1. Might you let me know whether region 102-113 holds any residue that is modelled with pLDDT of 95 or more, under 20 Å from residue 15 (Cβ atoms) and touching a strand residue (DSSP E or B) at 6+ places or on another chain (Cβ under 8 Å)?
2. For region 38-56, enumerate the residues that are farther than 22 Å from residue 118 by Cβ and more than 12 Å from the chain's Cα centre (by Cα).
3. Given the conditions (1) touching a strand residue (DSSP E or B) at 6+ places or on another chain (Cβ under 9 Å); (2) within 18 Å of residue 112 (Cα to Cα); (3) touching a residue at least 40 places away in the same chain (Cβ under 8 Å), and given that residue 35 satisfies all but one, which numbered condition is not satisfied?
4. Here are some residues: 54, 14. Which one is in a helix (DSSP H, G or I) and either surrounded by 12 or more Cβ atoms within 10 Å (Cβ to Cβ) or on the phi < 0 side of the Ramachandran plot (or both)?
5. Out of region 80-125, which residues are surrounded by 17 or more Cβ atoms within 10 Å (Cβ to Cβ), in contact with a helix residue (DSSP H, G or I) (Cβ under 9 Å, 6 or more places away or on another chain) and assigned to a strand (DSSP E or B)?
6. Output the residue which, of all residues in region 30-39 that are outside any helix (DSSP H, G or I) and out of contact with any helix residue (DSSP H, G or I) (no Cβ under 7 Å at 6 or more places or on another chain), is nearest to residue 84 (Cα to Cα).
7. Identify all residues within region 30-51 that are more than 22 Å from residue 102 (Cβ to Cβ) and buried (at least 18 other Cβ atoms within 10 Å of the Cβ); write none if there are none.
8. When the residues of region 64-79 are narrowed to those that are outside any loop (DSSP other than H, G, I, E, B) and without any contact (Cβ under 8 Å) to a residue 40 or more places away in the chain, which ends up surrounded by the most Cβ atoms within 10 Å (Cβ to Cβ)?
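The values are calculated or read from the model by the stated rules, or taken from the named source; none is laboratory data. Everything numeric here is computed off the predicted structure, so don't read it as measured data. Cβ placement follows ideal geometry from the backbone for every residue including glycine, while neighbour counts extend to all protein chains displayed.
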């Protein structure tokens, strides 16, 4: 018997399943952007409505200054918040409506980036989320933060 979706156990199953799904998005055109980010499920908390994902910061993600490109940072934040709003919406795809990212510190390649997403409201048509990111070993030094709005009425699973 599967646990209820809206429980700690249900959230863990849903978030792990969605993480595997986005890491294998491939069709006749090849792998999607999500696949290239190589997100890894770390943990989730049903009580606080949070999800923690991590990403390897690889050389191909660097900008001309040699640090993680802003687009890759935004992608990591969006994937984490989108994954959480997918769960919060009852497992419906939640396309991004708006994404606002603040870049606070450079992110060196060769490290692991951790992104914790929080969902503070989820209704019939929209969900609102925020995220904060840090580099492995430095959870108190936020390197980026974001807020996002997601469409929850797609009807697509």
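1. There is at least one residue in region 102-113 that is modelled with pLDDT of 95 or more, under 20 Å from residue 15 (Cβ atoms) and touching a strand residue (DSSP E or B) at 6+ places or on another chain (Cβ under 8 Å).
2. Scanning region 38-56 gives a single hit, 56.
3. (3)
4. None of the other options fit; the residue is 14.
5. 99, 101, 113, 115, 116, 117, 118, 119, 122
6. Of all residues in region 30-39, those outside any helix (DSSP H, G or I) come to 30-32, 38-39.
With out of contact with any helix residue (DSSP H, G or I) (no Cβ under 7 Å at 6 or more places or on another chain) added as a condition, the list becomes 30-32, 38.
Details: 30: 25, 31: 22, 32: 19, 38: 17 Å.
Top of the filtered list is 38.
7. 34, 41, 44 - these are the residues of region 30-51 that are more than 22 Å from residue 102 (Cβ to Cβ) and buried (at least 18 other Cβ atoms within 10 Å of the Cβ).
8. The extreme case among them is 72.
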